[in-house]
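Chemist: So that we are looking at the same thing, I have put the structure below in structure tokens.
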Amino acid sequence: MFRLFAALLFALSATAASAQTPKSGGTFRVYQRDSPASASLHEEATYSTNIPFMAIYNNLVVFDQHQPINTEKTIVPELATSWAWSDDHLRLTFKLRQGVTWHDGKPFTAADVKCTFALIQETGTDKLRKNPRKLWYNNVADVTADNDYQVTLRLSRPQPSVLSMLASGYSAMYPCHVNAAKMRTAPIGTGPFKFAEFKQNELIRLVKNTNYWKPGLPYLDAIELPIVTNRATAMLTFIAGRLDMTFPTEVTPPILRDIRKEAPNAVCHYGPINVNENLIVNREKPPFDNADIRRAMALTIDRKAFIDILFEGKADPGGALMPGPNGIWGMPLEMQKTMLGFDPDIAKNRAAARAIMEKLGYGPTNRLAVKVSTRNIPAYRDPAVILIDHLKEIYIDGELDPVDTSLWFAKVARKDYAVGLNLTGNALDDPDQAFYENFACGSERNYSDYCNRDLQKKFDLQSVEVDLTKRKQMVWDIDRQLQDDVARPIILHMHGGTCWQPYVKGFSPMVNSSYNGYRFEDIWLDR
């Protein structure tokens, strides 16, 4: 029902918007919640990078920027004008758009596509400093520039999800002639906006690409993102009318009530975002290399308490995949209850957890002290405090260890932590992305270093299954084992809100990904 209502709402909004004539000009001001480590989409793993910098780039294909639920059916051409699969589904060929230039005036060709894959797959001489999505394309055996305006991807086995991965907001094309280091600090793309400046902890600014390949776009002259790390200050600034939009998905239920009271004309959207809160445990660091301790930690989590305290009941329990009705692959609620730690009888779970800890020698007079690391922004700190409270129930005394955004993802990627509270956003609603990126052996984003090669073979099997019912059952079986193995216990799937001033036109929030809707090329200001 919600999906039907959402689709109807956005269809009506799009119809109303199309009846107006867009106005060109103006600066769009959106607060930025923190300083990202860099401007390189291929090296970062947070929409603190994705939101301000997606507008610099283009993909081969992209999810329709005005469809709230991303599916393969909402994929539209961008730098590619068309695509076609071979009969055996082992070759995916793209015809490329001609006449496109990079922001420095050099032409875009198939060579740039090949160079982008060489960066991600680490087959070229230039290297990314971080490579969080390398395993997305592990099945791409070869990329061929057939001519200047045609490129073919050859796969080792059929994998329909490759097209959706290419449509993600993270899947930007990079130029051959600009090295990876420069893309971190002064990126060059083909997108609707050019990079202007990035002052750490102060401001990110983009300006209009007057030579954009889409005639008449973008409408805006510039986008400015003042960096405001205090969420209350940022929301008050929005209410006062000095910002055009809040940082996407950062509006919580209490803040939403304040905005609706103090700025009743503001337009707000609140709902699922395909981001989950999860417990990460360093499986190599004693005593957490003991599977029994990890099992006890999973058992002490009270998911309902997290949901009630942080979201006033407006969030969802679930495993690695986003729950329905908006998520396509999440397992049913009754099935969730059979997984380790998901039984709603919290007292029973914690009694079992304490018994485990006592068997290992811990108890009221011998407690385990540990730092609980998390990113130093409210969306991470607040649940980390609740996690620490839950760990106390099983003789673990946690001390909050807040880590700056510019350091957080590198810290957990190199396993420089013991216990952490993490948020994992899935860039698309597809099992391949979730499983390979977060749970595959050797993946940079597999922060707990979980590795089960037998289970990973099942990742491959579900990936090629075309029968939706069969594939869902396979996905649910994999998800159950991930939770029972305490690979990365999922606490909840978040909901979040975004508000914008009534004169902001052309923005459509997305429901099943918080990463894909920030091209900003057809936003305009009706002042």
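Chemist: Of the residues ASP449, ASP454, only one is of a type outside the set (A, V, I, L, M) and farther than 30 Å from HIS42 by Cβ; which?
Modeler: Every option except ASP454 fails the conditions.
Chemist: Looking at ARG471, is it under 25 Å from ASN326 (Cβ atoms) and in contact with a Pro (Cβ under 7 Å, 6 or more places away or on another chain)? Walk me through it before giving the result.
Modeler: Values: under 25 Å from ASN326 (Cβ atoms): yes; in contact with a Pro (Cβ under 7 Å, 6 or more places away or on another chain): no.
When the stated conditions are applied, ARG471 does not pass them.
Chemist: Another question, if that's okay. Could you identify the single residue in ILE280, ILE301 that is part of a loop (DSSP other than H, G, I, E, B), within 30 Å of LEU391 (Cβ to Cβ) and assigned by TED's automatic domain parsing to the domain that holds LEU360?
Modeler: ILE301
Chemist: Which residue pairs have Cβ atoms under 8 Å apart, sit 6 or more places apart or on different chains, and have a first residue in the stretch 457-472 that is touching a residue at least 12 places away in the same chain (Cβ under 8 Å) and farther than 19 Å from ASP88 by Cβ and a second that is of a type in the set (Val, Ile, Thr) and surrounded by 16 or more Cβ atoms within 10 Å (Cβ to Cβ)?
Modeler: Final answer for the pair search is LYS458/ILE478; PHE459/ILE478; GLN462/VAL475; GLN462/ILE478.
Chemist: Please specify each residue of the stretch 363-382 satisfying the condition of being among the polar types (S, T, N, Q) and within 15 Å of GLU250 (Cα to Cα).
Modeler: Restricting attention to the stretch 363-382, the residues satisfying the condition of being among the polar types (S, T, N, Q) are 365-366, 373-374, 376.
The answer is ASN376, and nothing else.
Chemist: Going through the stretch 140-155 one residue at a time, which ones are over 21 Å from THR190 (Cα atoms) and in contact (Cβ under 8 Å) with a residue 60 or more places away in the chain?
Modeler: LEU153, ARG154, LEU155
Chemist: Please state which one of ASP308, ASP292, ASP345, ASP316 is acidic (Asp, Glu) and crowded, with 16+ Cβ neighbours inside 10 Å. Give the steps one after another, and end with the answer.
Modeler: On the way: ASP308 fails: crowded, with 16+ Cβ neighbours inside 10 Å; ASP292 fails: crowded, with 16+ Cβ neighbours inside 10 Å; ASP345 fails: crowded, with 16+ Cβ neighbours inside 10 Å.
Selected residue: ASP316, the only one of ASP308, ASP292, ASP345, ASP316 that is acidic (Asp, Glu) and crowded, with 16+ Cβ neighbours inside 10 Å.
Chemist: Do the conditions hold for LYS472, that is, is it touching an Asp or Glu at 6+ places or on another chain (Cβ under 6 Å) and surrounded by fewer than 20 Cβ atoms within 10 Å (Cβ to Cβ)?
Modeler: Numbers: touching an Asp or Glu at 6+ places or on another chain (Cβ under 6 Å): no; surrounded by fewer than 20 Cβ atoms within 10 Å (Cβ to Cβ): yes.
No, not satisfied.
Chemist: Checking the condition touching a residue at least 12 places away in the same chain (Cβ under 8 Å), farther than 22 Å from ARG445 by Cβ and of a type in the set (Phe, Trp, Tyr), which residue from TRP136, TRP102 passes?
Modeler: On the way: TRP136 fails: farther than 22 Å from ARG445 by Cβ.
Within the list TRP136, TRP102, the selection yields TRP102.
Rundown of residues vs (1) in a strand (DSSP E or B); (2) at positive phi, yes/no style:
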position	(1), (2)
PRO36	no, no
MET54	no, no
ASN59	no, no
ASN70	no, no
TRP83	yes, no
ASP87	no, no
GLY99	no, yes
HIS103	no, no
ASP112	no, no
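Chemist: Kindly indicate the residue of the stretch 362-389 that is part of a helix (DSSP H, G or I) and out of contact with any strand residue (DSSP E or B) (no Cβ under 9 Å at 6 or more places or on another chain) and also farthest from LEU310 (Cα to Cα) among those meeting that condition. Steps first, please.
Modeler: Within the stretch 362-389, the subset part of a helix (DSSP H, G or I) is 378-389.
Checking which are out of contact with any strand residue (DSSP E or B) (no Cβ under 9 Å at 6 or more places or on another chain) leaves us with 378, 382.
Values: PRO378: 11, ASP382: 8 Å.
Within the stretch 362-389, the match that is farthest from LEU310 (Cα to Cα) is PRO378.
Chemist: From GLY517, GLY496, grab the single residue that is surrounded by 22 or more Cβ atoms within 10 Å (Cβ to Cβ), small (Gly, Ala, Ser) and part of a strand (DSSP E or B).
Modeler: GLY496
Chemist: While we're looking at this one, here's another question. Step by step: first the residues of the stretch 390-418, then only those that are in contact with an Asp or Glu (Cβ under 8 Å, 6 or more places away or on another chain) and not in a loop (DSSP other than H, G, I, E, B), then the one that is farthest from LEU310 (Cα to Cα). Which residue is that?
Modeler: Step by step, filter the stretch 390-418, then rank; the result is ALA413.
The values are calculated or read from the model by the stated rules, or taken from the named source; none is laboratory data. Computed from a prediction, not measured in an experiment: that's the story for all the values here. In this analysis, Cβ positions are derived from the backbone assuming ideal geometry, glycine residues included, and neighbour counts consider all displayed protein chains.
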